Each structure stands twice: as structure tokens, then as C-alpha cells.
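Comments concern the structure below.
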Amino acid sequence: MSFLSILYALLFYAATILLVVGLGRKIAQYARTPAPLKIPTMPAPTTQTGVVIRVATEVVFFRQLFKSNKWIWVFGWMFHMGLFLVLARHLRYFTEPVWTWVVLIQPFGKYASFAMVAGLAGLWARRILVERIRYISAPSDHLMLALLLGIGLSGMGMTFVAHIDIVSLKAFLLGLMRFDWSHSLPSDALLLIHLLLVAILMIIFPISKLLHAPGVFFSPTLNQVDNAREKRHLAPWAAELDAKRAE
Amino acid sequence: MRTSQRSNTLLGLATVAVLLISGSTAVFAGAPVPILPEAVKSAVEGERSCVRPAQEMRRSHMDDLKHQRDDTVHEGVRTKRFALKECIDCHVTNDANGEKVSIKSREHFCNACHSYTGVTLDCWDCHASQPGGGQ
């Protein structure tokens, strides 16, 4: 294993642990955060199944954003769906044999990268060109878009401009997953940039605004059933106070 | 505070366990890699070499082949260097019985890496994948 490979191997082990533990802690924190009030955005579903459908529509189609602003929805949805396909395409580097559905979506994932980068460019233009949004944009808002754009462009560079040795890359990655450190990472500049940016993303993910990904599932205005009249909403800590008062 | 510390420790232990379990299935087996047969002849007389250095072939053989296709189909220029037939003549694979294998087998020179990386090909819809014809 070359020096560079050792460096990247350590970087990715560290990044993976930080991502998994950090995200786990955040999700645990979100799950424990009290939702003392019944506040679903009306009209809300009256059954639990309805809520599942509502959350799913929100997560897959960004329904609320669609209703409030069409052009932001176009860019945001393009980026997220593009990213989803691109990520799914990357599964070929971590599975052996490669799953059939992953083989089938390879060409779609390739062209989804254009949608992803176009969406990011649109979202960044929004931060710069819409005065109201520019005023409330923090440096981290811009840097996050730059980071994702850097990952997208360096990846597309390898697919469409300067190819890399993907067989060696897969051997290196499968090696990391199996604690077999005999395969070296190819040292193409685009690949090293791409992987470095991805590691940075993995590390900052659990302390960044990207936590909206798990966070959307814990949004009380989205995930509550409209049954305030049928069933009294009582937070556990409020139940304790209630019991004390009854004594 | 106490409970959150304990749950953090638990979470850490769970992560380590997941990492170990995911790795332990093949800890001693090592990472699977494609098995490639040796080329039976050389492009340069007396040397063990392909039409371009191996590092370049691994990265951009597809560009050479596509360029060759355009030259041949659009311009009518037929050269031998990057001809698919030449690839197949050198990189022929024999199975355990000494029979030539077709593209359908993972032992085939092209398919070994192509199935490893999930890259599908349409070369063999028309071209023969073994020397002397035959799928």
C-alpha cells in the first residue's frame, strides 16, 4: 500500500466513524426532543397511514416547497433526485457481485449528474441573485453548495473527461470494507480531489444544515395525526405533572 | 447527563460491532478482484506489451475503441492497431477444459472487469467475442 493509500484509508475510516456515530447521536437527540403541542399543519391526515403517506410525499416530491415556490422546487428537486441516482450508481464500488438493479441504472446515474450540478448551480444563483436570500445567507450556506458542486464536478470529470482505473479503485474500497489493505488507491488527481471532498462532507454532515435529511422525519408539523379531539395529546413530562396535580 | 453519556457509549459500541460484523464476513478472504488471463501474444515483437501501456489501456481503452469505430464506420479507414479483432486474438481465455470462453462467462477477458464494475457493453451484439468467430 502506498503512502497516499494509507492516508486515504485512515481518512475514510475516521470519516465513516464520525458520520455513523455523529448521525446516530443526532437522530437519538431528535427522537428524544419533546413535542409538547399538537401542531400538524392543516389540513392534516386523520390516520397514522395518512401520516406515512404525507411524510413520504414530502420526502420524495417536496410537496410543501412545490406549493410555495415553483422555481426553487425545480432546482431543489433536480439536485436531490440527481444526487439519489448518482449515489445509487456508486453502489457498484461497494458490492461484489454488483446488484442487477445497480447495473441497470448505470446510464441513468451518469446523466443524472447533469441534473444534480444544474440544480446546485440554480440553488447557488438563488443565494447570490435574490437579494432577500443573499442577506440571510451565512458563509456556511455558500460553502456547502461549493463543496457539493466540487464533488459533482470532479466526479463528472472522471466519467466524461479523464477516466480513472475503476477496477483498482473498487479493489481498494472493497479492501477497506474487509480490512484487507493490500490494494493501492489509483493516484489520479481528480479522484484524490473527489475523495477528499467526500470525506470532508462525511465529517461535517452530522454538524451541518444537511441534517435536514433525518430531521424532516421528526418535524411535528408534518408527522402528527389530526386527532386532537379523539385523543388527548400528552407529552410524557406533562403526564407526570398531571398525575401530581391529581393527587 | 448520565443517561446521555451511557447512550453515547452504547452507540459507540454498536458502531464498532456493526463495523466488525460487516468486515468479519471476509476478513481473512481479502477483497475480491477480477482474475485476468495472460495475453497469448504481444503487440511488439519480443516484448510483453499491449498496443499502449497497461495503465493507459485500463483507463481509456473505450475511447480508443470508439475512435476506431468512428474512423472505420464514418471515414472508411480500417487500421489494425485498435481493432477489436486484434484485442480478442491476444486476450483469448481458455476454461478448465481448454475451450475458448465466450463473453457470457466471467472468465472472459473483457467480462471479468466489466461485470466487476457493472459496466455493460454492446460490442458483442455484433462482433465475435472469441478468435475465429462465435459468440
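The values are calculated or read from the model by the stated rules, or taken from the named source; none is laboratory data. Fair warning: this is a prediction, and the values are worked out from it, not measured in the lab. Positions of Cβ are generated from backbone atoms using ideal geometry, with glycine treated the same way; all protein chains shown enter the neighbour counts.
So the values come out like this:
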{"read-out": "Sole residue being out of contact with any Cys (no Cβ under 6 Å at 6 or more places or on another chain), part of a loop (DSSP other than H, G, I, E, B) and of a type in the set (Lys, Arg), chosen from A:Lys67, A:Lys38", "value": "A:Lys38"}
{"read-out": "Subset tally (residues that are within 14 Å of another protein chain (Cβ to nearest Cβ) and either in contact with a Ser or Thr (Cβ under 9 Å, 6 or more places away or on another chain) or touching a residue at least 24 places away in the same chain (Cβ under 8 Å) (or both)) for region B:62-96", "value": "1"}
{"read-out": "Residues (within 14 Å of chain B (Cβ to nearest Cβ) and either of a type in the set (Asp, Glu) or surrounded by fewer than 19 Cβ atoms within 10 Å (Cβ to Cβ) (or both)) located in region A:185-208", "value": "A:Ser187, A:Asp188, A:Ala189, A:Leu190"}
{"read-out": "Matching entry among B:Ser24, B:Ser60 (being at pLDDT 85 or above, polar (S, T, N, Q) and within 30 Å of A:Leu173 (Cβ to Cβ))", "value": "B:Ser60"}
{"read-out": "Which listed residue, of A:Asp165, A:Asp180, is charged (D, E, K, R) and either in contact (Cβ under 8 Å) with a residue 12 or more places away in the chain or more than 14 Å from chain B (Cβ to nearest Cβ) (or both)", "value": "A:Asp165"}
{"read-out": "Subset of region A:64-101 that is buried (at least 16 other Cβ atoms within 10 Å of the Cβ) and charged (D, E, K, R) - its residue that is farthest from the other protein chains (Cβ to nearest Cβ)", "value": "A:Arg89"}
{"read-out": "Single residue of B:Cys87, B:Cys110, B:Cys123, B:Cys50 found to be farther than 17 Å from B:Pro34 by Cα and touching a Phe, Trp or Tyr at 6+ places or on another chain (Cβ under 9 Å)", "value": "B:Cys87"}
{"read-out": "Some residue of region A:9-16 being surrounded by fewer than 16 Cβ atoms within 10 Å (Cβ to Cβ), touching a helix residue (DSSP H, G or I) at 6+ places or on another chain (Cβ under 9 Å) and part of a helix (DSSP H, G or I)", "value": "yes"}
{"read-out": "Matching residues in region B:111-127 - criterion: being surrounded by 15 or more Cβ atoms within 10 Å (Cβ to Cβ) and of a type in the set (Ser, Thr, Tyr)", "value": "B:Ser115, B:Tyr116, B:Thr117"}
{"read-out": "Selection count, region A:102-124, where residues are out of contact with any Leu (no Cβ under 7 Å at 6 or more places or on another chain), away from chain B (no Cβ under 11 Å) and more than 17 Å from A:Leu149 (Cβ to Cβ)", "value": "1"}
{"read-out": "Selection status of A:Lys26, within 14 Å of chain B (Cβ to nearest Cβ) and in contact (Cβ under 8 Å) with a residue 60 or more places away in the chain", "value": "yes"}
{"read-out": "Qualifying positions in region A:46-64 - in a helix (DSSP H, G or I) and either touching a Ser or Thr at 6+ places or on another chain (Cβ under 7 Å) or under 22 Å from A:Gly119 (Cα atoms) (or both)", "value": "A:Ala56, A:Thr57, A:Glu58, A:Val59, A:Val60, A:Phe61, A:Arg63, A:Gln64"}
{"read-out": "Which listed residue is under 27 Å from the mean Cα position of the chain (by Cα) and in a helix (DSSP H, G or I), from A:Leu201, A:Leu241", "value": "A:Leu201"}
